[in-house]
There are 2 protein chains.
Amino acid sequence: MDARTQTFVTGQRVAHLATASLTARPVVVPICYAFDGENIYSALDEKPKSTDVRSLKRVLNIQANPQVSLVIDEYSEDWTALIYVLIAGIAEILEPGDGRGEHLRAVSLLREKYTQYRSMAIESRPMIKISSLEIKRWPSGAEAPAK
Amino acid sequence: MDARTQTFVTGQRVAHLATASLTARPVVVPICYAFDGENIYSALDEKPKSTDVRSLKRVLNIQANPQVSLVIDEYSEDWTALIYVLIAGIAEILEPGDGRGEHLRAVSLLREKYTQYRSMAIESRPMIKISSLEIKRWPSGAEAPAK
């Protein structure tokens, strides 16, 4: 990934995550996320309502079918200035207290990016990890507007 | 759908559309769209690049599997003010010159909402129609912030 794409993916505040059931029924939701340069992490809080996070459709879908799609984009009324990064990856549910400290590290990343998480108990909840990322960016370097 | 949800869906400038292949591989992209109170229409232009619209993944997916998911949302750093409308529907590819004038009517709706389309030849291209909409809104009426 080039530095410009990495900066864009790291800095954007919201992404849209699509999962699909085994019967190929997709569902897309907005998510907050953190990117560590290799993987994407998304906490399982349900904003604004609270619910059992394990019953969320995206969790059930990921457990049945780990193929996911994520898009990070910035809309502009100047359609020559539209940017989007499309990411395909493999998702899993990461549990608190995993042996490698990965969950804790992801909680730190999320709280660094979103101050809102500092008062939420995301450290005691499962989260989504997306790895094996295949990343495409529009416009690509050659087509990028000169600004 | 209540009036507030209808106003929100009609007025937002961008939605995110998830389709899935028959092998349950999802893909999500940002789209511009128009809503006529019953169906959603989205032109097949590829912003910012141009390509053969029939080779777009979303088109191939819809032709194999018409189940789609759409989310229309507004991000806010105040997480008590987040709004999103989740729509499940059945998609089809609507061809120019369909007998009922539906394609022409959708082109008019799109051009009324997006002035950008007035100089683009969307009338000669297929578009996506999404019908049989099942709509859920967060927060629901009872949970809506009092503002």
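The values are calculated or read from the model by the stated rules, or taken from the named source; none is laboratory data. All values derive from a computational prediction rather than experimental measurement. Virtual Cβ from ideal backbone geometry, glycine too; neighbours counted across all protein chains shown.
Scanning the range B:110-132 for residues that are surrounded by fewer than 15 Cβ atoms within 10 Å (Cβ to Cβ), under 23 Å from B:LEU60 (Cβ atoms) and in contact (Cβ under 8 Å) with a residue 24 or more places away in the chain yields B:SER124, B:SER131, B:SER132. With respect to B:VAL59, is the statement that it is touching a residue at least 24 places away in the same chain (Cβ under 8 Å) and closer than 19 Å to A:TYR75 by Cα true? Here the answer is no, as B:VAL59 does not meet what is asked.
Exactly one residue out of A:ASP36, A:ASP45 is in contact (Cβ under 8 Å) with a residue 24 or more places away in the chain, over 13 Å from A:ASP73 (Cβ atoms) and within 14 Å of another protein chain (Cβ to nearest Cβ), and it is A:ASP45.
Just to check your reading of the model, which residue among B:ALA18, B:ALA24 is among the small types (Gly, Ala, Ser), within 13 Å of the chain's Cα centre (by Cα) and surrounded by 18 or more Cβ atoms within 10 Å (Cβ to Cβ)? Give the derivation first.
Numbers: B:ALA24 fails: within 13 Å of the chain's Cα centre (by Cα).
So the residue among B:ALA18, B:ALA24 that is among the small types (Gly, Ala, Ser), within 13 Å of the chain's Cα centre (by Cα) and surrounded by 18 or more Cβ atoms within 10 Å (Cβ to Cβ) is B:ALA18.
Inspect all residues belonging to the range A:72-85 and state whether any of them is part of a strand (DSSP E or B), more than 8 Å from chain B (Cβ to nearest Cβ) and at pLDDT 95 or above.
We begin by selecting, within the range A:72-85, every residue part of a strand (DSSP E or B); these are A:72-74, A:83-85.
Filter again for more than 8 Å from chain B (Cβ to nearest Cβ), leaving A:72, A:74, A:83, A:85.
Among the residues that remain, those that are also at pLDDT 95 or above are: A:72, A:85.
So far as the range A:72-85 goes, yes, one or more of its residues are part of a strand (DSSP E or B), more than 8 Å from chain B (Cβ to nearest Cβ) and at pLDDT 95 or above.
Of the residues that make up the range A:16-30, is at least one facing chain B (nearest Cβ under 9 Å), out of contact with any Asp or Glu (no Cβ under 7 Å at 6 or more places or on another chain), over 23 Å from B:GLU74 (Cα atoms) and β-branched (Val, Ile, Thr)? The answer is yes, given that some residue of the range A:16-30 is facing chain B (nearest Cβ under 9 Å), out of contact with any Asp or Glu (no Cβ under 7 Å at 6 or more places or on another chain), over 23 Å from B:GLU74 (Cα atoms) and β-branched (Val, Ile, Thr).
Out of A:LEU17, A:LEU82, A:LEU22, one residue alone is in contact with a Pro (Cβ under 6 Å, 6 or more places away or on another chain) and not aromatic (Phe, Trp, Tyr). It is A:LEU82. Screening A:ILE135 on (1) assigned to a strand (DSSP E or B); (2) modelled with pLDDT under 95; (3) surrounded by fewer than 17 Cβ atoms within 10 Å (Cβ to Cβ) shows it passes everything except condition (2).
Within the range B:83-109, residues that are in contact (Cβ under 8 Å) with a residue 60 or more places away in the chain sit with their Cβ atoms under 6 Å from residues that are basic (Lys, Arg) and in a strand (DSSP E or B), at 6+ positions apart or across chains, in these pairs: B:VAL85/B:ARG137.
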